[in-house]
1. Restricting to region 25-38, what's the tally of residues that are at pLDDT 80 or above and under 24 Å from A79 (Cα atoms)?
2. If a residue has to be part of a strand (DSSP E or B), in contact with a Leu (Cβ under 9 Å, 6 or more places away or on another chain) and of a type outside the set (S, T, N, Q) to count, how many in region 1-15 make the cut?
3. Filter region 1-33 for residues that are touching a helix residue (DSSP H, G or I) at 6+ places or on another chain (Cβ under 9 Å) and over 14 Å from L45 (Cα atoms) and give the result.
4. Looking at this structure, is I49 at pLDDT 75 or above, outside any helix (DSSP H, G or I) and either more than 11 Å from the chain's Cα centre (by Cα) or surrounded by 11 or more Cβ atoms within 10 Å (Cβ to Cβ) (or both)?
Amino acid sequence: MSATEEIKVTGGALMAKLKELIREGNVRRIILKNPEGRVLLDMPLNAGIAGAALLPFWAAVGGILVLATDYSILVERDADTPATPAS
């Protein structure tokens with residue numbers, strides 16, 4: 001079973017929020033949309049690929065994304081697994 005949440009963020013806070021979501025451990029999928037509703041990123045997350053393996057990707061994308069504002073992050077979570085606090 002999964003639950004979906006929509007989070008609104010600005011360009012400056014986007015990278016920090018994405019990294020926080022990846023570290024949580026119960027996130028199954030992240031969908032990033034621009035202000036017009038266009039999907040920019042649709043990424044399923046598995047425990048094996050989350051975390052450090054994605055850092056080079058986020059660094060490359062981050063320079064572009066920080067320039068725009070008002071993104072929506074759709075987060076699909078495992079409802080049966082409690083969130084692991086980001087450290």
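The values are calculated or read from the model by the stated rules, or taken from the named source; none is laboratory data. Computed from a predicted structure; not experimentally measured. Every residue, glycine as well, gets a Cβ built from its backbone with ideal geometry; the counts of neighbours run over all protein chains shown.
1. Count: 8.
2. 4
3. I7, V9, G11, L14, M15
4. no
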